[in-house]
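Following: one structure in structure tokens, then a few remarks.
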Amino acid sequence: MGISMNRLIVENRKFHTLQEMFSVSNNFQVIAGPCSVESEEQIYTVAEKVKSLDLAFFRGGAYKPRTSPYEFQGMGKEGLILLKQIKEKYNLITVSEIIDIRNIEIMIDHVDIIQVGSRNMTNFSLLSELGTINTPVLLKRGLMSTIDEFVYAAEYIAMGGNENIVMCERGIRTFDSATRNTLDLACVAIIKERTSLPVIVDLSHSLGRKDIIVQMAKASRACGADGIMAETHNCPEKALSDSRQQLSFDELEKLVLAIRA
Ligand code: PEP
Ligand code: MN
């Protein structure tokens, strides 16, 4: 495929792998940014805020796996172009989801980390193909996947040679509807024990609510997670996807301060 190694740059330091980055910076990382890239204005406003809080990572979906085909499907390539602009302007490490194996090349060209969403954790041909590239992969746990299956999914990627993987617990489906999914923090501790991969917790998709996010961020840190993901929007109530769970700027700031305290 002719792909060159993506470098992760934080405060002028270059890291070649996510593992290196998480361990050298020895920091609990916060991946913030909107559920979906919606417009130039939105993405720049959110990136400005994320940068002002000294966060290193920025997320934003350009291709959205939506339950209903009638809902906003993402800006596609235009969204990726905006993410590339953000990455260059603010020196943020960008994360965006791939939903189609045919988009690997374009993802590599536009973002630093390729996210495999929950719905694609068992898309083995996609996982294998991502194993043949050097770009870091953020692998989310499947909606209904066991911890063993989650580790096997990472092995599909690693088998091809790409061991630059960060594991992401994002909650699983259970009978309980108090949260959007059931956050399984034991998964974090187990993955940390079984692998040497960084593990993060996606608090937005696991909880689907904001009122307990600070407590669960602290719990994530306490059980050994290397970071969290928290969807953030300049105007959450007007968001085109996941409006209820996205943090406002004030809420993100409170979360970051609480973690640093
Ligand atoms: C996302 O992070 O935008 C997303 C769709 O998450 P998940 O795959 O965990 O549902
Ligand atoms: Mn979302």
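Looking only at the stretch 61-80, which residues are in a helix (DSSP H, G or I) and within 18 Å of the chain's Cα centre (by Cα)? Spell out the reasoning first.
Filtering the stretch 61-80 down to residues in a helix (DSSP H, G or I) leaves 77-80.
Gly79, Leu80, listed by residue number.
Name every residue in the stretch 182-209 that is in contact with a helix residue (DSSP H, G or I) (Cβ under 7 Å, 6 or more places away or on another chain), assigned to a loop (DSSP other than H, G, I, E, B) and within 16 Å of ligand 1 (Cβ to nearest atom), in order of residue number.
Leu183, Gly208, Arg209
Got at least one residue in the stretch 237-245 being within 13 Å of ligand 2 (Cβ to nearest atom) and surrounded by fewer than 16 Cβ atoms within 10 Å (Cβ to Cβ)?
yes
Please verify whether the stretch 132-147 includes one or more residues that are open to solvent by 20 Å² or more (accessible area, probe 1.4 Å), touching a strand residue (DSSP E or B) at 6+ places or on another chain (Cβ under 7 Å), under 18 Å from His205 (Cβ atoms) and modelled with pLDDT of 95 or more. Spell out how you get there, then give the answer.
Kept after step one, since they are open to solvent by 20 Å² or more (accessible area, probe 1.4 Å), are these residues of the stretch 132-147: 132, 134, 143-144, 146-147.
Checking the rest, the ones that are also touching a strand residue (DSSP E or B) at 6+ places or on another chain (Cβ under 7 Å) come to 143-144.
Filter once more, keeping what is under 18 Å from His205 (Cβ atoms): 143-144.
Adding the requirement that they be modelled with pLDDT of 95 or more leaves 143-144.
Yes, the stretch 132-147 has at least one match.
What's the number of the condition Glu88 fails, among (1) in contact with a helix residue (DSSP H, G or I) (Cβ under 9 Å, 6 or more places away or on another chain); (2) over 29 Å from Arg173 (Cβ atoms)?
(1)
For the stretch 223-261, enumerate the residues that are within 21 Å of Arg66 (Cα to Cα), within 13 Å of ligand 1 (Cβ to nearest atom) and not in a helix (DSSP H, G or I).
Met229, Ala230, Glu231, Thr232, His233, Ala239, Leu240, Ser241, Asp242, Gln246
Inside the stretch 210-222, can you point out the residues that are outside any loop (DSSP other than H, G, I, E, B) and open to solvent by 40 Å² or more (accessible area, probe 1.4 Å)?
Looking only at the stretch 210-222, we keep the residues that are outside any loop (DSSP other than H, G, I, E, B), and these are 213-222.
Hits for the stretch 210-222 are Val214, Gln215, Met216, Lys218, Arg221, Ala222.
Going through the stretch 36-60 one residue at a time, which ones are outside any helix (DSSP H, G or I), within 16 Å of ligand 1 (Cβ to nearest atom) and open to solvent by less than 20 Å² (accessible area, probe 1.4 Å)?
The first filter runs over the stretch 36-60 and keeps only residues outside any helix (DSSP H, G or I), leaving 36-39, 53-60.
Right, trim to within 16 Å of ligand 1 (Cβ to nearest atom) and you get 36-38, 57-60.
Residues satisfying the conditions are Ser36, Val37, Phe57, Phe58, Arg59, Gly60.
The values are calculated or read from the model by the stated rules, or taken from the named source; none is laboratory data. All values derive from a computational prediction rather than experimental measurement. Positions of Cβ are backbone-derived with ideal geometry, glycine not excepted, and every protein chain shown enters the neighbour counts. Keep in mind that these areas ignore ligands, DNA and RNA; they rest on the heavy atoms of the full protein, side chains included. Shrake-Rupley method; radii C 1.70, N 1.55, O 1.52, S 1.80 Å.
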